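Enquirer: The structure under discussion is supplied below as structure tokens; questions concerning it will follow.
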Amino acid sequence: MTVRIVAIINQKGGVGKTTTTANLCHAIAESGSKVTAIDLDPQGHLAVSLGITAQGLGGIDEAMLKNKKVQQQLISVRDNLQLIVPGSRLKEIEHLADNNTPRGVLLKNALQGSLDDQDFVFIDCPPSSGLLVANALIVADEILIPMASDFLALQGLSHLMGTIKRFEKALQRKYKTLLVMSRYSPNRRISHQVLNVLLTHFPEQILATVIRETALLAECPSFGKTILEYSPKSRSARDFRSLAHDFLEDKVMYGSK
Ligand SMILES: Nc1ncnc2c1ncn2[C@@H]1O[C@H](COP(=O)(O)OP(=O)(O)O)[C@@H](O)[C@H]1O
Ligand SMILES: [Mg+2]
């Protein structure tokens, strides 16, 4: 088995990238796979969500700048789950000048051969389409796009798909690209409308389970807990266990909902 590297991207903020990364990684790790989560957002919200206050800690920044090996930056956060924090210099990398080394391959070079004992590496990306996201796209095999269920989310998505196509062309390979409805409100008409539009454009690319909008999911980061710990029997914990199952089994939505 080779490691599958998955970039969690969406240039819009607040759509559920970090929430999806933290909870999906934990659910997949709980089911027995070995998972490494990389917090590639200088804000460090993934680290906080997993209970790590990363103040002063070096992380993926030092690995990308070649000061440390990736293996030195791993923090074991749960059974089968390890985390790499962003580190305080990650935001510098976004503005790095282009000298001799191409700036887009820093993460790829850092990860090269380093996490081969893992089943999955998930990269939680910042809400931008800058250099950090480019680094994630260059190293990733797969892309997971969390989608909020509002009208403007659809507009952002065509831009994002354009970016992905450009990378595919430049790198001469295709990603496996999946979407997840990460903030779904079953009682709102707009949620159904957005999902229907997505289904017509991306049939068989939307993971079968929708993550519902709940108060519990918004609460758990402040305790440094995932939903599986904060409220293991809640419907949100069920949503994420079910999403992990979909992800592992390639279970997607068909037809109209
Ligand atoms: N399904 C959900 N239900 C309730 N709150 C959510 C849900 N998904 C995300 N949130 C909340 O919305 C905010 C933004 O989510 P986050 O995962 O940080 O987005 P991103 O990483 O895309 O910026 C956070 O406060 C988070 O707790
Ligand atoms: Mg985030």
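Enquirer: Which of (1) without any contact (Cβ under 8 Å) to a residue 40 or more places away in the chain; (2) part of a strand (DSSP E or B); (3) not small (Gly, Ala, Ser) does Leu178 not meet, given it meets every other one?
Expert: Every condition holds for Leu178 apart from (1).
Enquirer: Same structure again: Which pairs have Cβ atoms under 6 Å, sit 6 or more apart or on different chains, and link a residue in the range 34-45 that is more than 19 Å from Val139 (Cα to Cα) to one that is within 11 Å of ligand 1 (Cβ to nearest atom)?
Expert: Between residues of the range 34-45 that are more than 19 Å from Val139 (Cα to Cα) and residues that are within 11 Å of ligand 1 (Cβ to nearest atom), the close pairs are His45/Thr18.
Enquirer: Can you give me the number of residues within the range 1-21 that are of a type outside the set (Val, Ile, Thr) and within 8 Å of the chain's Cα centre (by Cα)?
Expert: Number of matching residues: 2.
Enquirer: Next question, about the same structure. Filter the range 1-10 for residues that are open to solvent by less than 40 Å² (accessible area, probe 1.4 Å) and either more than 23 Å from Asp116 (Cβ to Cβ) or of a type in the set (Ser, Thr, Tyr) (or both); which is farthest from ligand 1 (Cβ to nearest atom)?
Expert: Taking the candidates together, the pick is Ile9.
Enquirer: Can you name every one of the strands (runs of 3 or more DSSP E) wholly within the range 11-111 that holds 1 or more residues which are open to solvent by less than 80 Å² (accessible area, probe 1.4 Å), under 17 Å from Thr226 (Cβ atoms) and within 16 Å of ligand 1 (Cβ to nearest atom)?
Expert: Because the criterion is at least 1 residues that are open to solvent by less than 80 Å² (accessible area, probe 1.4 Å), under 17 Å from Thr226 (Cβ atoms) and within 16 Å of ligand 1 (Cβ to nearest atom), the strands (runs of 3 or more DSSP E) in the range 11-111 that meet it are 35-39, 81-84.
Enquirer: Suppose we keep only residues that are small (Gly, Ala, Ser), modelled with pLDDT of 95 or more and in contact with a helix residue (DSSP H, G or I) (Cβ under 8 Å, 6 or more places away or on another chain) within the range 213-257. Which one would you say is nearest to ligand 1 (Cβ to nearest atom)?
Expert: Filtering first and then ranking leaves Ser236.
Enquirer: Something else now. Counting only residues that are in a loop (DSSP other than H, G, I, E, B) and touching a residue at least 24 places away in the same chain (Cβ under 8 Å), which one in the range 191-211 is least open to solvent (accessible area, probe 1.4 Å)?
Expert: Across the range 191-211, the extreme among qualifying residues is Ile211.
Enquirer: Same structure again: For the range 212-257, which residues satisfy the criterion of being within 16 Å of ligand 2 (Cβ to nearest atom) and open to solvent by 50 Å² or more (accessible area, probe 1.4 Å)?
Expert: Correct list: Ala218, Ser222.
Enquirer: Quick check, is Val85 within 16 Å of Asp39 (Cβ to Cβ), under 18 Å from the mean Cα position of the chain (by Cα) and not small (Gly, Ala, Ser)?
Expert: Answer is yes for this residue.
Enquirer: Let me ask something else. Filter the range 50-64 down to the residues that are more than 12 Å from Leu81 (Cβ to Cβ) and touching a helix residue (DSSP H, G or I) at 6+ places or on another chain (Cβ under 7 Å) and list them by number.
Expert: Residues satisfying the conditions are Ala54, Gly58, Gly59, Ile60, Asp61, Glu62, Ala63, Met64.
The values are calculated or read from the model by the stated rules, or taken from the named source; none is laboratory data. Predicted model, so just to flag it, every value in this text is computed and none were measured. Note that each Cβ is placed from the backbone with ideal geometry, even for glycine, and that neighbours are counted across all protein chains shown. Protein only, heavy atoms only, side chains kept; ligands, DNA and RNA dropped before computing areas. Shrake-Rupley method; radii C 1.70, N 1.55, O 1.52, S 1.80 Å.
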